[in-house]
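A quick write-up on the structure given underneath.
The values are calculated or read from the model by the stated rules, or taken from the named source; none is laboratory data. Model, not experiment: these values are computed from the prediction. All Cβ positions, even for glycine, are placed from backbone atoms using ideal geometry, and neighbour counts span all protein chains on display.
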């Protein structure tokens with residue numbers, strides 16, 4: 001299978017769906033099949049990754065993920081590296097949950113059980129996504145609409161999976177496929193040090209900083225993101 005036909009699988013971030021990758025599916029889909037998977041089932045990274053594999057019809061593919069999507073992608077690499085031709089990790093984190101972030105999870109889960117998961121997203125998560133004031137307003141509408149579509153059970157499932165996730169540094173050390181790490185210049189949630197660590201760990205990885213962007217580079221700076229992804233895809237065989 002040539003790089004022009006190698007399929008691309010994209011894994012959404014927390015409480016996101018295919019709309020996170022609208023621009024990428026259109027642009028990159030001109031040369032290859034692009035599949036954006038569902039990630040709302042399972043309460044561990046291992047279970048979510050298994051469910052994602054069940055959605056993929058191809059034996060070998062390129063894999064990309066943003067934020068929690070990148071964390072799921074790393075777990076997929078841990079489970080079945082032979083199926084993954086190359087890896088794109090965007091605005092993500094290779095490490096286990098830090099104690100300070102872990103402490104926030106249960107209060108957020110409790111709010112979700114009370115039917116207030118959208119409040120968590122709007123008040124605690126979205127303000128850290130970055131972008132200009134105008135971008136933040138339109139971005140919030142998309143983020144909340146995606147979250148409404150997924151519902152509170154998905155929020156609880158994903159929160160538990162993130163809280164209890166394993167460190168993936170050994171996974172990255174052992175993956176030799178062509179890889180990239182993309183980081184929004186102003187990402188507050190997964191800043192540059194995470195992506196520098198990713199590239200230091202991986203044998204075949206390039207780091208790119210996406211200027212004038214926060215955490216959701218696929219929405220905030222789609223042209224730059226698409227360009228980096230297209231260049232990376234051309235390196236795969």
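Take the conditions within 17 Å of residue 233 (Cα to Cα) and either in the same structural domain as residue 197 (by TED's automatic domain parsing) or touching a residue at least 40 places away in the same chain (Cβ under 8 Å) (or both) and apply them to residue 37. Does it pass?
Details: within 17 Å of residue 233 (Cα to Cα): no; either in the same structural domain as residue 197 (by TED's automatic domain parsing) or touching a residue at least 40 places away in the same chain (Cβ under 8 Å) (or both): yes.
When the stated conditions are applied, residue 37 does not pass them.
Which members of region 126-141 meet the condition of being in contact (Cβ under 8 Å) with a residue 40 or more places away in the chain and either buried (at least 16 other Cβ atoms within 10 Å of the Cβ) or touching a strand residue (DSSP E or B) at 6+ places or on another chain (Cβ under 6 Å) (or both)? First the steps, then the outcome.
To start, the set of residues in region 126-141 that are in contact (Cβ under 8 Å) with a residue 40 or more places away in the chain comprises 128-131, 135, 139.
Matches in region 126-141: 129, 130, 131, 135, 139.
So that you can scan it fast, the table gives a plain yes or no per residue for (1) within 30 Å of residue 211 (Cα to Cα); (2) assigned by TED's automatic domain parsing to the domain that holds residue 181; (3) touching a helix residue (DSSP H, G or I) at 6+ places or on another chain (Cβ under 7 Å); (4) at pLDDT below 95:
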| site | (1), (2), (3), (4) |
| --- | --- |
| 49 | no, yes, yes, no |
| 52 | no, yes, yes, no |
| 85 | yes, yes, no, no |
| 89 | yes, yes, yes, no |
| 106 | no, no, no, no |
| 134 | yes, no, no, yes |
| 137 | yes, no, no, yes |
| 144 | yes, no, yes, no |
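For region 173-199, which positions are over 27 Å from residue 223 (Cα atoms) and surrounded by 20 or more Cβ atoms within 10 Å (Cβ to Cβ)?
Correct list: 175 only.
Only one of (1) without any contact (Cβ under 8 Å) to a residue 40 or more places away in the chain; (2) under 14 Å from residue 87 (Cα atoms); (3) not in a helix (DSSP H, G or I) is not met by residue 212, so which one is it?
(2) is the only condition that residue 212 fails.
Any idea how many residues of region 18-39 are closer than 24 Å to residue 122 by Cβ and crowded, with 20+ Cβ neighbours inside 10 Å? Please lay out each step first, then the result.
Initial filter on region 18-39 (closer than 24 Å to residue 122 by Cβ): 18-23, 36, 38-39.
Still in the list and also crowded, with 20+ Cβ neighbours inside 10 Å: 20-21, 36, 39.
Adding up the residues that qualify gives 4.
Within region 158-181, can you find the residues that are touching a helix residue (DSSP H, G or I) at 6+ places or on another chain (Cβ under 6 Å) and within 19 Å of residue 235 (Cβ to Cβ)?
172, 175, 180, 181
Only one of (1) in the same structural domain as residue 50 (by TED's automatic domain parsing); (2) buried (at least 17 other Cβ atoms within 10 Å of the Cβ); (3) touching a helix residue (DSSP H, G or I) at 6+ places or on another chain (Cβ under 8 Å) is not met by residue 81, so which one is it?
Residue 81 satisfies all of (1) in the same structural domain as residue 50 (by TED's automatic domain parsing); (2) buried (at least 17 other Cβ atoms within 10 Å of the Cβ); (3) touching a helix residue (DSSP H, G or I) at 6+ places or on another chain (Cβ under 8 Å) except (2).
Going through region 174-198 one residue at a time, which ones are more than 21 Å from residue 12 (Cα to Cα) and part of a helix (DSSP H, G or I)?
Within region 174-198, 174, 193, 196, 197 qualify.
Condition test on residue 13, is it in a strand (DSSP E or B), in contact with a helix residue (DSSP H, G or I) (Cβ under 6 Å, 6 or more places away or on another chain) and modelled with pLDDT of 95 or more? Explain how you work it out, then say what you get.
Details: in a strand (DSSP E or B): no; in contact with a helix residue (DSSP H, G or I) (Cβ under 6 Å, 6 or more places away or on another chain): yes; modelled with pLDDT of 95 or more: yes.
Answer is no for this residue.
Find the residue count for region 16-32, including only residues that are touching a strand residue (DSSP E or B) at 6+ places or on another chain (Cβ under 7 Å) and outside any helix (DSSP H, G or I).
First pass over region 16-32, keeping only residues touching a strand residue (DSSP E or B) at 6+ places or on another chain (Cβ under 7 Å): 18, 20-21, 24-25, 28, 32.
After this cut, where a residue has to be outside any helix (DSSP H, G or I) as well, the list is 32.
Number of matching residues: 1.
Pairs please, first residue from region 44-62 and in contact (Cβ under 8 Å) with a residue 60 or more places away in the chain, second anywhere and assigned to a helix (DSSP H, G or I), Cβ atoms under 7 Å, 6+ apart in sequence or on different chains.
What qualifies is 44/161; 45/71; 45/72; 45/75; 45/161; 48/72; 48/161; 62/233.
Would you confirm, using the coordinates I've provided, whether residue 208 is within 20 Å of residue 61 (Cα to Cα), surrounded by fewer than 22 Cβ atoms within 10 Å (Cβ to Cβ) and within 16 Å of the chain's Cα centre (by Cα)?
Values: within 20 Å of residue 61 (Cα to Cα): no; surrounded by fewer than 22 Cβ atoms within 10 Å (Cβ to Cβ): yes; within 16 Å of the chain's Cα centre (by Cα): yes.
Spelling it out, it is not the case that residue 208 is within 20 Å of residue 61 (Cα to Cα), surrounded by fewer than 22 Cβ atoms within 10 Å (Cβ to Cβ) and within 16 Å of the chain's Cα centre (by Cα).
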